[in-house]
Amino acid sequence: MTPRQILHAALTGAAAPRIPVFCNLFDHGAKEMKLHPKAYFADGACVAEAQLRMQKRYGYDNVWCLHYVGKEAELLGCKEILFADDGVPNVADFVIKSWDDIASFEVPNDITQHPAWQSIADCLAVLRGEVGASHPICAYVTASTTLPAILMGMDKWMELFLLGPADLRDELLRKCADYVQQHIAALRAAGANVLVYSSPFGSPYFVNKKVIADIVMPWMRRDLALGGTDDLVYYCGMAPFNDVIEPVIEQLGIRSHYISPLADLAQAKRLINTRGLTCGVIDDIKMIHWSAGEVRAEVRRIVDIGKPGGHFLFGNGVMPMAVPEANIRAMLDAAFEFGQLP
Amino acid sequence: MTLANYIQAYNEAVFETDRPAALAVVNQALSDGFSPEDIVFELVIPAVESMMDRIEKDPDSNLAQHFMTAQIAADVTEKMLEKFSSPPQIIGKVVIGAASGDLHSLGKRIVSGCLKSLMVEVIDLGINVGAEQFVEAAVANDAQVIAVSAMMVHTATGENGSIKVRALLKERGLEGRIKLAVGGAPYRFDPELYRKVGADAWAPDGVTAAKVIVRLINEAKT
């Protein structure tokens, strides 16, 4: 079976030789291609090449076209990204500097015509051509209720969200939701077939369940109104969200859930059960200092919880650059070994 | 209505992230004859301390509650301080900022808001702060604590962050009088990480961080 078939089997409960094993290596690509991150991320074909090389070397199931989260801010007017040799790029120029800027903030009519889209299109074109038929091609979509955090900064967004005028907040969210709809459609059209829908404000770690139900959920419904949700994975930026799994399945129709390492995985598996896919996620920040043996033991613990009954995938978070390569190998070796199905 | 009732009503409002209700409690206390000093020392500070305990014990408390705890306490304290008959005595000073390469400011805003309401002077160096800048500011302001916020793994563990602050403190013989606190998302995922970056303490959230920093201030002063 191809990795895409294995993923589909896990989602539907069909027979497969093993669980799907995903590995997210975003910032490692620049090192792989021996380029500074700024030059690396500017070249979509280069990002694709790095993804393909790393996938081939380690043998995991997925590839990514995510450049960095701030790429979405660039599509919406951000002019400066702070790149780092050893980690994740930061948004260094907020498109919305004050609440007054919200009125003039505009979403492009067609984001695929924006210069910042070109590297995404190039990356997806290569991935689609090379492994589109056989491997899941992952892309990242920031939800409308979280997108303002990269447009104006998290503290200013939190202030507007919780304390500001509701009409101004909703004006911004309307524009963000329009962008999200466009973004999802563009990624699908370019060849992405697994969309990780990142919605930290859809986690009770960020706001309480009433706020999620009253404010966040309606905007998520709007984000996802077009094109279905079969290819979506619910993710809250590594924050726990077990308490909203039920409404996410029932109201949004998202069946795949990327569970935080801080959450109770067994509880999440019980909640999702055979209705979809539970993704057990290792705490890869701890992997920086763990031994290979500790990594292996943790993978086994996660797989032992999730594998019985199927409908399970193993994955990691953002894999910090400081994690030793031996630990990445130990993680994947253990996932393939313990993830075998009868 | 007793002060205990006010504290409870105020904290329930904060916990529900309802600022108008929290401010209504404060206004009611004022109109019932409590002085601005009473409001800060008998209502806001005990309420923040109570909220710290509640958040520390409640793994399900959320970021919005932390934000509102700090925001409302800082707002009320600032308004009341303007009406004080004489300036209040501060309990210590902290230099705070986001680590080198880190542009996130929410965490330190929550910590700073709580600390200000607890009568701690906060010297906020902003974001993307170099290790030398932290140490220079702490020395220049005679601060007892340096607090370094890092929301990304590479800014938490990088050589230009807390690790370098610790090295500078050691090099300059300042470890006895200046303590180092850290916070931010990576520390939640690895609670032992603070030791590996040379910090004296960490906290899982901004509100608890204020409690930890007050403890470090007291340790540094003794």
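Here is a list: B:K83, B:K79, B:K93. Which entry is in a helix (DSSP H, G or I) and farther than 25 Å from A:F206 by Cα?
B:K79
Which residue out of B:A74, B:A47 is within 14 Å of chain A (Cβ to nearest Cβ) and either over 19 Å from A:D155 (Cβ atoms) or assigned to a helix (DSSP H, G or I) (or both)?
It is B:A74.
So in segment A:66-78, with the set limited to residues that are at pLDDT 95 or above and outside any helix (DSSP H, G or I), which one is nearest to A:A39 (Cα to Cα)?
Across segment A:66-78, the extreme among qualifying residues is A:C78.
Would a scan of segment B:99-107 turn up a residue that is within 10 Å of another protein chain (Cβ to nearest Cβ), surrounded by 20 or more Cβ atoms within 10 Å (Cβ to Cβ) and in a helix (DSSP H, G or I)?
Yes; the residues of segment B:99-107 include at least one that is within 10 Å of another protein chain (Cβ to nearest Cβ), surrounded by 20 or more Cβ atoms within 10 Å (Cβ to Cβ) and in a helix (DSSP H, G or I).
Can you go through B:E159, B:E175, B:E121 and tell me which one is surrounded by fewer than 19 Cβ atoms within 10 Å (Cβ to Cβ), within 11 Å of another protein chain (Cβ to nearest Cβ), of a type in the set (D, E, K, R) and not in a helix (DSSP H, G or I)?
Only one candidate qualifies: B:E159.
Has segment A:293-310 got any residue that is part of a loop (DSSP other than H, G, I, E, B), within 14 Å of chain B (Cβ to nearest Cβ) and either among the aliphatic types (A, V, I, L, M) or on the phi < 0 side of the Ramachandran plot (or both)?
no
Sort out which residues of segment A:41-65 are part of a helix (DSSP H, G or I), surrounded by fewer than 22 Cβ atoms within 10 Å (Cβ to Cβ) and not small (G, A, S), and write them in order of number.
A:C46, A:E49, A:L52, A:R53, A:M54, A:Q55, A:K56, A:R57, A:Y58 - these are the residues of segment A:41-65 that are part of a helix (DSSP H, G or I), surrounded by fewer than 22 Cβ atoms within 10 Å (Cβ to Cβ) and not small (G, A, S).
For residues in segment A:251-272 being farther than 23 Å from B:P59 by Cβ and of a type in the set (G, A, S), which is farthest from the other protein chains (Cβ to nearest Cβ)?
A:G253
Here's a check for you: in segment A:7-63, which residue that is out of contact with any Lys or Arg (no Cβ under 7 Å at 6 or more places or on another chain) and of a type in the set (V, I, T) is nearest to A:K307 (Cα to Cα)?
Result: A:V21.
One line per residue, one yes/no per condition, for (1) of a type outside the set (F, W, Y); (2) surrounded by fewer than 16 Cβ atoms within 10 Å (Cβ to Cβ); (3) free of Cβ contacts under 8 Å to residues at least 60 places away in the same chain; (4) outside the structural domain of B:M119 (by TED's automatic domain parsing):
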residue: B:I7; (1), (2), (3), (4): yes, no, yes, yes
residue: B:V14; (1), (2), (3), (4): yes, no, yes, yes
residue: B:F41; (1), (2), (3), (4): no, yes, yes, yes
residue: B:V48; (1), (2), (3), (4): yes, no, no, yes
residue: B:P59; (1), (2), (3), (4): yes, yes, yes, yes
residue: B:A64; (1), (2), (3), (4): yes, no, yes, yes
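Cβ contacts < 8 Å: first residue within 13 Å of chain B (Cβ to nearest Cβ), restricted to segment A:149-176; second residue surrounded by fewer than 19 Cβ atoms within 10 Å (Cβ to Cβ) and aromatic (F, W, Y), any location; separation 6+ or different chain. Result?
A:L160/A:W99; A:G164/A:W99
Just checking, which of A:D214, A:D284 is at pLDDT 95 or above, within 14 Å of chain B (Cβ to nearest Cβ) and closer than 30 Å to B:G158 by Cβ?
Matching residue, one of A:D214, A:D284: A:D284.
In segment B:126-140, is there at least one residue being within 21 Å of A:M154 (Cβ to Cβ), under 16 Å from the mean Cα position of the chain (by Cα) and either more than 14 Å from every other protein chain (Cβ to nearest Cβ) or among the aromatic types (F, W, Y) (or both)?
Taking every residue of segment B:126-140 in turn, none turns out to be within 21 Å of A:M154 (Cβ to Cβ), under 16 Å from the mean Cα position of the chain (by Cα) and either more than 14 Å from every other protein chain (Cβ to nearest Cβ) or among the aromatic types (F, W, Y) (or both).
May I ask you to list the residues in segment A:75-104 that are within 22 Å of A:F161 (Cα to Cα) and acidic (D, E)?
A:D93, A:D100, A:D101
Between B:D53, B:D38, which is assigned to a helix (DSSP H, G or I), over 23 Å from A:E159 (Cβ atoms) and at pLDDT below 90?
Exactly one residue qualifies, and that residue is B:D53.
Would you call A:R275 charged (D, E, K, R), in contact (Cβ under 8 Å) with a residue 12 or more places away in the chain, out of contact with any strand residue (DSSP E or B) (no Cβ under 9 Å at 6 or more places or on another chain) and more than 14 Å from every other protein chain (Cβ to nearest Cβ)?
Spelling it out, A:R275 is indeed charged (D, E, K, R), in contact (Cβ under 8 Å) with a residue 12 or more places away in the chain, out of contact with any strand residue (DSSP E or B) (no Cβ under 9 Å at 6 or more places or on another chain) and more than 14 Å from every other protein chain (Cβ to nearest Cβ).
Confirm whether A:I249 is at pLDDT 95 or above, assigned to a helix (DSSP H, G or I) and either touching a Lys or Arg at 6+ places or on another chain (Cβ under 9 Å) or among the aromatic types (F, W, Y) (or both).
Taking the combined requirement at face value, the residue satisfies it.
Which of the numbered conditions does B:V212 fail, given that it passes all the others? Conditions: (1) crowded, with 19+ Cβ neighbours inside 10 Å; (2) within 14 Å of another protein chain (Cβ to nearest Cβ); (3) free of Cβ contacts under 8 Å to residues at least 60 places away in the same chain; (4) more than 20 Å from B:E132 (Cβ to Cβ).
Of the numbered conditions (1) crowded, with 19+ Cβ neighbours inside 10 Å; (2) within 14 Å of another protein chain (Cβ to nearest Cβ); (3) free of Cβ contacts under 8 Å to residues at least 60 places away in the same chain; (4) more than 20 Å from B:E132 (Cβ to Cβ), the odd one out for B:V212 is (2).
In the list B:R172, B:R188, which residue meets the criterion of being among the charged types (D, E, K, R), assigned by TED's automatic domain parsing to the domain that holds B:K108 and more than 20 Å from B:K108 (Cα to Cα)?
Of the residues listed, the single one that is among the charged types (D, E, K, R), assigned by TED's automatic domain parsing to the domain that holds B:K108 and more than 20 Å from B:K108 (Cα to Cα) is B:R172.
Give segment A:1-28 a look and list any residue that's in contact with a strand residue (DSSP E or B) (Cβ under 9 Å, 6 or more places away or on another chain) and within 16 Å of A:V88 (Cα to Cα), or say none.
A:N24, A:L25, A:F26
Which members of segment A:311-335 meet the condition of being away from chain B (no Cβ under 14 Å), buried (at least 18 other Cβ atoms within 10 Å of the Cβ) and not in a strand (DSSP E or B)?
Across segment A:311-335, the qualifying residues are A:H311, A:I328, A:A330, A:M331, A:L332, A:A334, A:A335.
The values are calculated or read from the model by the stated rules, or taken from the named source; none is laboratory data. Treat the numbers as computed from the prediction; the structure is a model and nothing was measured. Here Cβ is always computed from backbone atoms with ideal geometry, including for glycine, and neighbour counts include all displayed protein chains.
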